[in-house]
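Okay, structure first, notes after.
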Amino acid sequence: MKKSTLLLISACLLGFTACRPTVHEMPKEEVLTRLLRENPDSLANMLEEKINPNMLSDSDKADYAWWLTRTHKRQNRSLMNDTLIHFAVDYYKKTNSSHLLDACLLAAEQINWSDTERLQQKQLLNEALQIAVQKQDTAVIQDICSRLLSFYEMPEDSAPIKELIQFTKKYAGQEWNVGSYLNITLQFSKLNQSDSALFYARKGMELARRQNNPSNDWMEYQLIKSYARTLNTLGKHGESISVLRELENSKLPVGNEIRLEYIITWIDWGKLDSAQIYIDAFRSFTDEVRKQMKTDAGMDIELDNLNVVLGAFQEIIRAKEGKPLFIHEIGASTNNVMSKIRNRMKIDREQQLVQTRLVRNNLTLDVERGKLKQRFLWAGIGVLLLVIFIIYFYQRKLLRKERSVQEAKEQLRLRTIQLAENESLIHRNEELISDLSTQLDETGELKQEINSLVAENDDLKQKNKLLQKDIDRYSKSTDQKDKEVSAYEKLTEQNARLQERERFLTARLVAQTEILAKLSRKPRYIEPSQWPEILHDMNQLFDGFSYRLRTDFPSLTEDDIYYCCLFKLRLSTSVVGILMGISPSSVTKRKQRIKEKMNQQRPDGFLKEQALEIGLWNY
């Protein structure tokens, strides 16, 4: 299978790989084969609900049809509506695919279910036979030969039957198996070569009894039944009845159809009363089954078919007894059965159409849910960016106001000191003037010095007035700044609330992101294929978180980035250990190494005074 197709179906592996810790080491096609063998119901649901074949390329569409039809067959479901397998056959013929043999057999079986185009079914089986001969696949050759035999009923079909006999003998191998004996017995019976049929039937019965293998029970049953029929054809009716009774008492899975074999043998032997007894008993049995069973269209049609067959046997007995025939009753019963079959086919087709419609509606809903999720994601990112912008803007504004408040307080302090010094100088000058005034003599020698001091005091008083004005102005400014500081404190509280709101919105977005929510709700080992989606969602939620880490801290490895993403989501050490498949102590050591790497890249001490988780939460 091509790589693109395996990537296409990889979504189907999630449910399987989640509970298989070693399955990621296996090739994807082997995983799908294993899932087909062990859980076909899940694979069918994934293929039908998650993938729209109309959106695929021709290669993917052919592989999709091949997987889906195989899955339906594994489930024992009707293949009536699996018509897409014929597209796969045509495509595989063009590409000479290794799946062509299986596709031909599946397509032939699909036609058998739909009961149309018998010639096309025969052609597909012949093509499959040629491919099997080229591959020397003896088991498949035997199976195809048994299927082709059902197409040859007329006397003129002796040539193709003989050809099938040659295939059977040629590819039976050195040691024949029970299936080979059964095939060749039926083939000789079709040619009316009873002696050969009896010979190979005896051989097959002897081999089955020697092997005593439960897997051969069904083929042994068919061999014994063919053996009894051949004896009846040769006129050995007593021996045929003995074989049938032996078969009925054996451990083999004998069905109700053995009663039909009894009826045929009794009629051929001419013992019509015995045949009539079996017919009456069979009719009583079918009537009892019909009364006891619940509504089941398939069983109802099967019982109608049995009644038609029993009616035909009844008319044969009447003919042998010389009584008038009522063929029209058999015809009416046959028409009734055919009508029920047609109605059942219509119901099956309608159910398939409804199922297809539901699948398409589910796909549409998935697309709409994805778009809605994307809108919520973008809205959340927008809110986070707005909160970050508001926080940044107010922090810068409040820092500027705080610096201006500090400058105003410093100027006020300096002016107050200057004013106090001036007041002290004025006081000293006044004392000096007083002393000088007492010492003033008639000559007036000290008067000039006194006048100088008075002038200096006047000048100082004038400066003090200016300083007082500055002090008053700075006091008012300080009061205003105090109000702004109070507003800053309120904004700080609002900032804290915004940060709390940011954490709440982030938690909501993480909870709505399916793969991130599962990490904490149902922690399981993270497969390597899941990391790209996790990183994508982390980058959308946290503004390119992994890209910023790689840019700011180039020494971090890819695994370090993964651990940082899990710490950013505030997951505990034990949960991180489960997700990464290591012990909690190893997570702690890994956390310390990542912190050392980041501190080496950021000499400003990015994480020196705080834990790695806190630094990453605020990063």
Confirm whether T83 is open to solvent by 60 Å² or more (accessible area, probe 1.4 Å), touching a Ser or Thr at 6+ places or on another chain (Cβ under 9 Å), among the polar types (S, T, N, Q) and within 22 Å of R147 (Cα to Cα). yes
Among (1) modelled with pLDDT of 65 or more; (2) surrounded by 14 or more Cβ atoms within 10 Å (Cβ to Cβ); (3) of a type in the set (A, V, I, L, M), which single condition is V485 missing? (1)
Suppose the filter is surrounded by fewer than 15 Cβ atoms within 10 Å (Cβ to Cβ) and modelled with pLDDT of 70 or more; does I381 pass it? no
Quick check on my filter: what residues within region 198-257 are aromatic (F, W, Y), touching a helix residue (DSSP H, G or I) at 6+ places or on another chain (Cβ under 9 Å) and surrounded by fewer than 17 Cβ atoms within 10 Å (Cβ to Cβ)? F199
Extreme residue, nearest to N192 (Cα to Cα), among residues of region 132-160 that are surrounded by 19 or more Cβ atoms within 10 Å (Cβ to Cβ) and hydrophobic (A, V, I, L, M, F, W, C): L149
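Is it the case that N76 is open to solvent by 10 Å² or more (accessible area, probe 1.4 Å), within 29 Å of the chain's Cα centre (by Cα) and closer than 22 Å to T33 by Cα?
yes
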Here the qualifying pairs (Cβ atoms under 6 Å; residues six or more apart or on different chains; first in region 355-372 and touching a residue at least 60 places away in the same chain (Cβ under 8 Å) and within 16 Å of M46 (Cβ to Cβ); second open to solvent by 60 Å² or more (accessible area, probe 1.4 Å) and part of a helix (DSSP H, G or I)) come out as V359/E49; N362/E49
Across region 513-547, what is the total count of residues that are more than 21 Å from A379 (Cβ to Cβ), open to solvent by 70 Å² or more (accessible area, probe 1.4 Å) and at pLDDT 85 or above? 6
Just to be sure before I move on: is W617 open to solvent by 70 Å² or more (accessible area, probe 1.4 Å) and of a type outside the set (G, A, S) in the structure I sent? yes
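If you go through region 550-573 one residue at a time, how many are hydroxyl-bearing (S, T, Y), open to solvent by 30 Å² or more (accessible area, probe 1.4 Å), in contact (Cβ under 8 Å) with a residue 12 or more places away in the chain and in a helix (DSSP H, G or I)? Walk me through it before giving the result.
The initial filter retains those residues of region 550-573 that are hydroxyl-bearing (S, T, Y), namely 551, 555, 557, 562-563, 572-573.
When the remaining residues are screened for being open to solvent by 30 Å² or more (accessible area, probe 1.4 Å), the result is 551, 555, 557, 562, 572-573.
Now drop any that are not in contact (Cβ under 8 Å) with a residue 12 or more places away in the chain, which leaves 555, 562, 573.
Okay, now just the ones that are also in a helix (DSSP H, G or I), so 562, 573.
Residues that pass the stated criteria total 2.
Quick check on my filter: what residues within region 166-188 are among the small types (G, A, S) and either more than 17 Å from Q142 (Cα to Cα) or free of Cβ contacts under 8 Å to residues at least 40 places away in the same chain (or both)? Can you show your working first?
Step one: filter region 166-188 for residues among the small types (G, A, S), giving 172-173, 179-180.
Result: A172, G173, S180.
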Some residue of region 298-308 being at pLDDT below 85, open to solvent by less than 20 Å² (accessible area, probe 1.4 Å) and under 24 Å from L191 (Cα atoms): no
Extreme residue, farthest from R229 (Cα to Cα), among residues of region 169-182 that are in contact with a Phe, Trp or Tyr (Cβ under 9 Å, 6 or more places away or on another chain) and buried (at least 20 other Cβ atoms within 10 Å of the Cβ): S180
Regarding region 38-55, can at least one residue be identified that is within 19 Å of the chain's Cα centre (by Cα) and within 16 Å of A107 (Cα to Cα)? no
Quick one: in region 24-41, of everything that is open to solvent by 40 Å² or more (accessible area, probe 1.4 Å), in a helix (DSSP H, G or I) and at pLDDT below 80, which residue is farthest from D82 (Cα to Cα)? E25
Cβ-Cβ distance below 8 Å, separation of 6 or more or different chains: which pairs start in region 226-245 with a residue that is touching a residue at least 40 places away in the same chain (Cβ under 8 Å) and end on one that is part of a helix (DSSP H, G or I) and among the basic types (K, R)? Y227/R202
If A88 satisfies all but one of (1) assigned to a loop (DSSP other than H, G, I, E, B); (2) in contact with a Phe, Trp or Tyr (Cβ under 7 Å, 6 or more places away or on another chain), what's the number of the condition it fails? (1)
Considering only region 91-131, state which residues are surrounded by 16 or more Cβ atoms within 10 Å (Cβ to Cβ), in contact with a Leu (Cβ under 7 Å, 6 or more places away or on another chain) and over 18 Å from S150 (Cα atoms). Y92, I131
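The values are calculated or read from the model by the stated rules, or taken from the named source; none is laboratory data. Predicted model, so just to flag it, every value in this text is computed and none were measured. Cβ atoms come from the backbone with ideal geometry, glycine included; neighbour counts cover every protein chain shown. Only protein heavy atoms, including side chains, enter the accessible area calculation; ligands, DNA and RNA are left aside. Shrake-Rupley method; radii C 1.70, N 1.55, O 1.52, S 1.80 Å.
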